[in-house]
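I have placed the structure first, in the form of structure tokens, so that the comments after it can refer back to it.
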Amino acid sequence: MLDAFRRWGYLQANLDPLGRLAPAAHPDLDVSGPEADAARHVYCGSIGVEFMHMPHPERCRWICEKMESAPPAPDRARILDFLVRADTLERTIQTTYVGTKRFSLEGNDALIPLLDEGISTAAERGLEIAIIGMSHRGRLNVIVQIVDKDPAGVFGRFEDVDPRSVLGGGDVKYHLGATGTHETRGGRKVHVRLGSNPSHLEAIVPVVLGRVRARQSRIGEEGPKKVVPFLLHGDAAFAGQGIVAEAFNFADLPAHSVGGTVHVVVNNLIGFTTEPRSLHSSRYSTDVAKRLDIPIFHVNGQDPDAVVRVARMATEYRYEFGTDVVIDLIGYRRHGHSEVDDPTATQPVLYRKIESLPPLWKRYAEDVAAAEEAAARYKAVLQEAKRHAEAMTEMPGLYELPEYWRPYHGGRASAADRPETAVPAKRIEEVALRMTEAPPGFAFHPKVKRLLDQRREMGRGSRPVDWGSAEMLAFGTLLLDGVRVRLTGQDSRRGTFNQRHAALVDHETGAEHLPLARVGAPFEVFDSTLSEAAVLGFEYGFSRDFPEALVLWEAQFGDFANGAQIVIDQFVAAAEDKWKLLSGLVMLLPHGYEGQGPEHSSARIERFLQLAGEDNMVIAQPSTAAQHFHLLRLQGLRKWRKPLVVFTPKSVLRHPEVASPLSEFTAGGFRPVLPDPDVRSAARVLVCSGKIGHELRDERRKRGDETAAIVMLDQLYPFPERELAEALAAHAAAREVVWVQEEPANMGALSFVLPHLERLVPGLPVRSIKRSASASPATGSAKAHAMEQATLLALAFDTTSTRAMGRDVTRA
């Protein structure tokens with residue numbers, strides 16, 4: 001029998017209730033003889049499975065045996081109850097809130113018993129927490145039936161209770177997350193957490209995986225057994241959105257594996273108005289999953305017993321082999337893309353067929369009259385919930401945060417949220433020694449050994465501490481304080497610019513050593529895949545379920561962060577405002593103009609500042625190693641949990657003025673504004689942020705200029721008005737204030753900072769020096785860059801054009 005499976009390769013079965021996927025034999029198959037008849041017996045029907053692409057005979061054999069053996073008798077009463085409830089909820093909303101979007105589950109109602117069976121099967125094997133990610137279709141039904149929330153809470157969203165509480169914020173009802181407890185088929189209680197998700201359908205996928213990894217890390221070795229992700233996809237999005245492929249690539253990677261995910265494609269065989277022939281080039285939308293050696297089950301969503309059987313098999317497979325598994329639940333969509341959309345204009349024939357189909361529970365019930373009575377009873381429950389919703393004056397919450405979030409808070413910034421970040425000299429020296437140690441006989445690369453020798457000197461205070469060493473000291477001292485540290489990114493173990501060396505490699509054997517792993521709390525540093533969107537989403541998710549950890553994602557160059565713009569816009573920047581969900585994620589984005597071209601110069605400061613509002617994040621560009629040290633420690637220790645975006649240096653990583661004396665680590669803290677220590681009373685004040693400040697100081701020194709003060713703005717948001725006002729007040733005789741930036745006029749912090757400066761120095765002219773507006777961030781010519789930079793620095797010290805409102809560096 002197994003030989004027949006090997007020859008056929010995969011099933012082509014009667015999967016589609018509307019005849020859109022006709023059975024088709026593989027072109028290379030000999031379909032004659034008793035062997036083929038036996039194979040047809042297993043393949044045909046409502047279930048198909050693709051598995052012969054897997055190079056694992058024992059896994060293929062496991063699937064064959066499961067497919068050939070008699071399945072356990074389904075709990076038809078339980079299945080019917082879920083089908084009745086799912087359909088009745090949808091129809092009640094449809095008739096009660098006419099013309100309102102909800103993204104109905106109708107046509108794929110079997111998703112509810114599928115999830116119930118998957119969770120029940122997992123619970124038999126130790127599941128305690130199921131974390132679900134999904135887009136909007138069917139979300140409200142999942143919230144009520146699987147998360148087990150009171151339907152009154154859902155109806156309250158349709159009633160739009162207390163709109164003043166969400167003025168300018170909040171989100172639509174079918175994006176909201178929920179938490180609850182699901183009682184399984186065997187009577188076990190499983191905590192269910194449904195993640196909030198924007199309309200960017202698959203963006204939730206890596207976020208859920210990161211949350212699962214964090215939860216599993218809390219538990220330890222038993223984590224993959226006790227915490228399982230269930231990811232629900234649409235067929236069009238599964239095939240079309242690249243973040244799915246990026247996340248599938250996580251399956252066996254040390255930084256991101258979670259012991260297997262149960263994927264369910266809720267397959268309507270349509271995407272809005274687009275049909276499969278325009279959605280994916282392959283036969284099935286699930287073929288993208290074949291990049292992994294995992295089985296793909298296809299099941300007819302109109303056969304609930306088959307659906308439940310597949311849910312059990314798929315979940316068992318995940319536990320047996322610790323890999324992902326995919327279920328392709330093939331059904332249809334009873335309404336248009338939403339309930340206000342008319343699909344008959346584009347799919348008239350299809351929707352004539354759909355209109356004639358009865359609800360699934362009526363086809364499944366053996367006693368239709370009894371099922372109708374059950375539907376009537378549940379409708380009465382829903383009507384009572386609606387009456388309760390109508391009487392609400394406050395919107396009930398759909399979720400509860402875990403206990404580990406209790407010490408943390410969001411909201412506006414406060415001076416009280418600034419813990420001590422200075423570290424005693426003895427502890428600094430201890431960490432410096434431990435982060436440079438290696439096992440006996442370890443063969444260091446000569447350049448790395450020289451760096452480590454210098455770091456020991458820095459720890460003793462006999463050499464200024466450079467940027468990379470300051471960062472490692474921040475990590476090490478946080479570990480001693482009990483703060484877990486996790487850093488991922490492309491080449492992050494060494495560092496793009498050879499500055500970190502968090503992992504040491506034996507020059508003779510290739511063996512790896514992680515010095516900080518033995519300092520205190522857990523320390524993780526991983527080189528990530530060549531991906532921004534999924535990796536950042538994963539780390540955001542990890543930070544959501546490990547708030548007491550310092551979780552960092554580093555871009556190879558800050559320019560590449562735009563590959564994760566959806567995650568930045570929808571989760572990092574907006575999650576608190578939309579869903580009241582906090583994160584302490586740190587983004588390290590190398591930024592600076594050095595003539596390396598348009599894609600290796602700018603982390604797009606302007607985009608982050610455009611997203612800044614309501615103190616939703618901290619945006620900083622530290623100018624010294626000590627500033628970076630204190631900023632990271634502040635983020636790790638404070639209870640005010642906000643994302644931190646750090647624009648980090650490249651060419652000036654080893655600039656003498658970036659390095660800091662040990663005394664700046666053992667006292668003080670992060671300062672949002674650095675006044676000029678060299679000029680007491682200036683005629684002109686140059687305000688800037690980042691690398692350009694050091695270049696301005698070098699230029700001032702070269703010119704022997706004693707009339708211009710240079711004030712460094714190390715925190716851009718929340719804007720430090722009080723600190724900047726104090727720095728400016730020290731130069732009361734100044735005749736003008738000038739904002740200087742490397743970026744073009746339509747980029748950088750110019751448009752954000754200028755109004756603040758004008759407000760702080762009323763009556764004084766506020767001017768700006770910058771490159772002229774450009775569609776591209778930077779030139780690709782090193783010589784052109786040098787000309788521009790020289791002109792920019794010259795203009796910054798030019799006092800001859802005091803009437804001009806701004807000076808641009810114009811490129812030829």
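Observations on the structure shown:
- Degrees, to the nearest 10: 304-321 long Cα axis against longest axis of the chain: 50 degrees
- Sorted largest first, extent of segment 310-448 alpha carbons per principal axis (Å): 79, 48, 37
- Separation of alpha-carbon centers, segment 209-223 and segment 521-551, rounded to whole Å: 12 Å
- Degrees between helix 111-123 axis and first principal axis of the chain (Cα, 0 to 90, nearest 10): 80 degrees
- Ordered by 1.4 Å accessible area with all protein chains kept, GLU384, GLU576, GLU50, GLU429 run largest first as GLU384, GLU429, GLU576, GLU50.
- In degrees, nearest ten, helix 533-544 long axis to first principal axis of the chain (Cα): 90 degrees
- Largest to smallest accessible area among LYS426, LYS386, LYS225 [probe 1.4 Å]: LYS426, LYS225, LYS386
- Per-residue [θ]222 nm for the chain (sum of -39500 (n - 2.57) over DSSP H runs n ≥ 4, rounded to 500): -11000 deg cm²/dmol
- Whole-angstrom gap from segment 756-784 to segment 170-205, using each part's C-alpha centre: 46 Å
- Cβ-Cβ FRET estimate between ALA773 and SER356, R0 fixed at 56 Å, reported to 0.05: 0.40
- Carbon plus sulfur fraction of accessible area for the chain, probe 1.4 Å, in percent: 50 percent
- Value of Rg/Rh across segment 122-165 [Cα atoms, Kirkwood radius]: 1.12
- Cβ-Cβ distance of ASP569 and ARG460, R₀ of 60 Å, FRET efficiency by 1/(1 + (r/R0)^6): the value works out to about 0.85.
- In a fully extended conformation the segment linking LYS449 and GLU512 would gain 21.2 nm over its present Cα-Cα distance, using 0.36 nm per residue.
- Computed accessible area, LEU611, all protein chains, 1.4 angstrom probe, square angstrom: 50 Å²
- For the chain, a crude dipole built from +1 on the beta carbon of Lys and Arg and -1 on the beta carbon of Asp and Glu, taken about the Cα centre, is about 1560 debye to the nearest 20.
- Dimensions of segment 231-353 from C-alpha coordinates, computed as largest minus smallest value along each principal axis and given longest first, are 49, 33, 25 Å.
- All Cα-Cα distances of the chain, cut into 10 Å bins from zero to the largest, leave 2, 12, 20, 21, 17, 13, 9, 4, 1, 0 percent in each bin in turn.
- If you plug the beta carbon distance of GLU721 and LYS783 into 1/(1 + (r/R0)^6) with R0 = 25 Å, you get a FRET efficiency near 0.05.
- Surface accessible to a 1.4 Å probe, ASP252 within the full protein complex, Å²: 130 Å²
- Heavy-atom accessible area ranking, 1.4 Å probe, most first, across HIS233, HIS507: HIS507, HIS233
- The distance separating the Cα centre of segment 314-331 from that of segment 254-274 comes to 11 Å.
- Contour minus Cα-Cα distance for ARG377 and ALA77 (0.36 nm per residue): 106.4 nm
- Entries of LYS66/LYS226; LYS149/LYS379; LYS101/LYS580; LYS189/LYS225; LYS149/LYS642; LYS101/LYS225 with Cα pairs more than 27 Å apart: LYS149/LYS642; LYS101/LYS225
The values are calculated or read from the model by the stated rules, or taken from the named source; none is laboratory data. Not measured: the values here are computed from a predicted model. Glycine also receives a Cβ, built like all others from the backbone with ideal geometry; neighbour counts cover every protein chain displayed. Note: accessible area is taken over every heavy atom of the protein model, side chains too, but ligands, DNA and RNA are not part of it. Shrake-Rupley method; radii C 1.70, N 1.55, O 1.52, S 1.80 Å.
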